[in-house]
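*Asks:* Dumping the structure here so I can ask a few things about it.
The values are calculated or read from the model by the stated rules, or taken from the named source; none is laboratory data. Predicted model only: the values in this text are computed from it and were never measured. Don't worry about glycine lacking a Cβ; one is built from the backbone with ideal geometry, like all the others, and counts go over all protein chains shown.
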Amino acid sequence: MTKKPIREIATAWREDKRPYVKQSTFAAYMLILENHLLPYFGENDALSEKAVQAFVLQKLNGGMSVKSVKDILIVLKMVMKFGVKHEWMNYSEWDIKYPTTEKNKELEVLTVTHHKKILDYIRQNFTFRNLGIYISLSTGLRIGEVCALRWSDIDIDNGTISVQRTIERIYIIEGEKRYTELVINTPKTKNSCREIPMSKELLALVKPLKKVVNADYYILTNEPSPTEPRTYRNYYKRLMEQLGIPKLKFHGLRHSFATRCIESNCDYKTVSVLLGHSNISTTLNLYVHPNMEQKKRCIAKMLKSLGK
């Protein structure tokens with residue numbers, strides 16, 4: 001075995017990986033390597049559990065979330081497996097421990113009143129940019145998916161929106177060069193490519209427009225070029241301030257849509273498909289948190305079925 005430092009293994013792994021992943025995924029891997037893994041492990045030729053556990057604790061103490069740390073470790077494991085395959089390092093098994101958190105963070109969502117207020121305002125103050133917020137609240141689309149929507153994605157006859165691309169700005173590292181690039185890509189996962197039915201109100205908003213717009217234009221700009229998520233996020237923030245809506249990330253519109261679906265007793269599988277989640281457990285973990293009343297009803301129902 002010819003041992004090599006992680007830095008060298010990572011360089012070889014990077015070139016091996018490049019042809020097989022989306023440009024945005026590759027860019028995310030590069031950022032993780034540059035910002036986190038190489039500064040800490042770059043000169044190591046082994047990855048002991050003790051070293052990885054110390055790295056994890058350092059990141060958590062620095063304020064990083066458990067999810068972000070786990071994402072970083074996925075990349076580290078891929079690099080290690082690549083090194084082991086080429087006999088440049090030994091394989092190490094890790095059993096990483098994470099401090100137990102006090103409680104799950106509450107999802108930030110709009111109240112029903114604020115949800116209605118935004119929809120009503122947009123119906124009365126229509127602009128193409130406002131339409132994107134309306135679409136997010138009525139379909140659960142992510143910001144990159146809304147920014148990438150073209151008029152051709154709206155099917156008036158069937159009353160559906162087709163989600164087939166997303167826009168994101170990615171950070172590219174090539175040797176000494178560092179720059180960002182706006183890329184239009186297929187959505188997050190294959191399940192994210194989806195058809196979503198439009199509500200009667202949304203259909204009424206877009207139906208007259210479809211007759212006069214250019215099908216190839218982007219919906220938010222009504223021009224041949226799109227707006228990028230960062231710009232749109234800033235516009236959304238200003239509009240919410242103007243409406244007196246408490247601060248909520250744009251992604252909170254998606255959470256609000258999903259929460260309203262669950263509150264309306266929609267079945268979980270349907271909500272999962274509408275959101276484009278790769279599996280139903282993501283939906284359940286995020287949005288299904290029964291309260292005490294629901295628990296009581298559930299037990300009462302069960303006992304009733306037993307004839308008690």
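*Asks:* Looking at region 281-307, which of its residues are surrounded by 15 or more Cβ atoms within 10 Å (Cβ to Cβ) and either modelled with pLDDT of 90 or more or touching a Cys at 6+ places or on another chain (Cβ under 9 Å) (or both)?
*Replies:* Correct list: TYR287 only.
*Asks:* When residues of region 181-214 are filtered for being farther than 17 Å from ARG129 by Cα, touching a residue at least 24 places away in the same chain (Cβ under 8 Å) and either in contact with a Pro (Cβ under 7 Å, 6 or more places away or on another chain) or not in a helix (DSSP H, G or I) (or both), how many remain?
*Replies:* Number of matching residues: 15.
*Asks:* Out of (1) assigned by TED's automatic domain parsing to the domain that holds CYS147; (2) of a type in the set (A, V, I, L, M, F, W, C); (3) within 23 Å of the chain's Cα centre (by Cα), what's the single condition that is false for LEU202?
*Replies:* LEU202 satisfies every listed condition except (3).
*Asks:* Under 16 Å from the mean Cα position of the chain (by Cα) and either among the aromatic types (Phe, Trp, Tyr) or over 21 Å from THR111 (Cα atoms) (or both) - does that describe any residue in region 253-263?
*Replies:* Yes, region 253-263 has at least one match.
*Asks:* Still on this model: Among the hydroxyl-bearing types (Ser, Thr, Tyr), touching a helix residue (DSSP H, G or I) at 6+ places or on another chain (Cβ under 6 Å) and in contact (Cβ under 8 Å) with a residue 24 or more places away in the chain: does that describe SER92?
*Replies:* Here the answer is no, as SER92 does not meet what is asked.
*Asks:* Consider region 173-187. How many of its residues are surrounded by fewer than 16 Cβ atoms within 10 Å (Cβ to Cβ) and farther than 23 Å from LEU275 by Cβ?
*Replies:* 9
*Asks:* All but one of (1) in contact with a Leu (Cβ under 7 Å, 6 or more places away or on another chain); (2) closer than 19 Å to ILE135 by Cα hold for ILE262, so report the exception by its number.
*Replies:* Answer for ILE262: the failing condition is (1).
*Asks:* Same structure again: For the condition among the small types (Gly, Ala, Ser) and not assigned by TED's automatic domain parsing to the domain that holds SER136, what is the one hit in SER225, SER264?
*Replies:* SER264
*Asks:* Separate question: Which ones in region 272-308 are over 24 Å from the mean Cα position of the chain (by Cα), part of a helix (DSSP H, G or I) and not hydrophobic (A, V, I, L, M, F, W, C)?
*Replies:* GLU293, GLN294, LYS295, LYS296, ARG297, LYS301, LYS304, SER305
*Asks:* Would it be correct to say that TYR121 is among the hydroxyl-bearing types (Ser, Thr, Tyr) and not assigned by TED's automatic domain parsing to the domain that holds ARG165?
*Replies:* Considered against the rule, which asks whether it is among the hydroxyl-bearing types (Ser, Thr, Tyr) and not assigned by TED's automatic domain parsing to the domain that holds ARG165, TYR121 comes out as no.
*Asks:* Checking ILE299 against (1) touching a residue at least 40 places away in the same chain (Cβ under 8 Å); (2) β-branched (Val, Ile, Thr); (3) farther than 26 Å from ILE161 by Cα, which single condition isn't satisfied?
*Replies:* (1)
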